[in-house]
Amino acid sequence: MSQPLWERTRRTVRDDIAVTAMDLFLSRGFEATTMDEIAAGAGVSRRSLFRYFGTKEDIVLRTLAGTGEAIRDALRARPADEAPWEALQAVAGSLATDGSWSSERELAIGRICLETASLRARRAEKHQGWADLLVPELAVRPASAPVGESAAQAILTAALACLDLATDRWVAGAGADDLPALFAEAVAAVRA
């Protein structure tokens, strides 16, 4: 079933604003770019811009909520007898090779996040927001001996720290390394 026209239009406008904003952030810098400049560049009013995005940070990190849902869906698709860490590593590898994943876009976002303290803080906040989605999926793994909510929360917290470390290293290396391999290396260090 197709989406209603208003929803497709809203998504298109939102995407256009985000593309304009990212272009401005990359050319002028995150801190130097104002919401007024983003609105003017996207051809929308300041008021309309704030209907789509409350802050500049929201624009940069707009994909993280969707990423949490994609991780949840990918976890659900994994074998029920797979342990939490193995499932998370398999999902990390599959998401990085997914056709919708753009290393160029992710590098650009990663660079801006590394350079901006408010974005690093917001990224951590968004990651913690994934807990409601991911902890229940991890708690029932493996199906033969579920780890439970507390262990799942601990695993997720550690996995997100590993993800942040791997992403930061990947960005610092300009994407030369394999992101899932960096994540696996961080996970191995935590689990050792």
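The values are calculated or read from the model by the stated rules, or taken from the named source; none is laboratory data. Since this is a predicted model, take the numbers as computed values, not measurements. Backbone-built Cβ (ideal geometry, glycine too); neighbour counts: all protein chains shown. Side chains are part of the model used for accessible areas, which takes the heavy atoms of the whole protein and leaves out ligands, DNA and RNA. Shrake-Rupley method; radii C 1.70, N 1.55, O 1.52, S 1.80 Å.
May I ask you to list pairs of residues, at least six apart or on different chains, whose Cβ atoms are under 8 Å apart, with the first in the range 65-91 being over 15 Å from Ala158 (Cβ atoms) and the second being of a type in the set (Lys, Arg) and assigned to a helix (DSSP H, G or I)?
From residues that are over 15 Å from Ala158 (Cβ atoms), the pairs are Ala65/Lys126; Gly68/Lys126.
Just need a number here: residues in the range 171-192 that are within 20 Å of Leu107 (Cβ to Cβ) and outside any loop (DSSP other than H, G, I, E, B).
10
Out of Gly29, Gly93, Gly43, I need the residue that is open to solvent by less than 40 Å² (accessible area, probe 1.4 Å), out of contact with any strand residue (DSSP E or B) (no Cβ under 9 Å at 6 or more places or on another chain) and at positive phi. Which one?
Just a single option satisfies the conditions, and that option is Gly29.
Test Thr157 against the criterion of being surrounded by fewer than 17 Cβ atoms within 10 Å (Cβ to Cβ), modelled with pLDDT of 90 or more, under 17 Å from the mean Cα position of the chain (by Cα) and not aliphatic (A, V, I, L, M), and give yes or no.
Judged against the criteria, Thr157 is a match.
Evaluate the range 90-103: report whether one residue or more is at pLDDT 90 or above and either part of a loop (DSSP other than H, G, I, E, B) or out of contact with any His (no Cβ under 9 Å at 6 or more places or on another chain) (or both).
yes
Might you check whether a residue that is in a helix (DSSP H, G or I) and either surrounded by 16 or more Cβ atoms within 10 Å (Cβ to Cβ) or hydrophobic (A, V, I, L, M, F, W, C) (or both) occurs anywhere in the range 142-151?
Within the range 142-151, one or more residues are in a helix (DSSP H, G or I) and either surrounded by 16 or more Cβ atoms within 10 Å (Cβ to Cβ) or hydrophobic (A, V, I, L, M, F, W, C) (or both).
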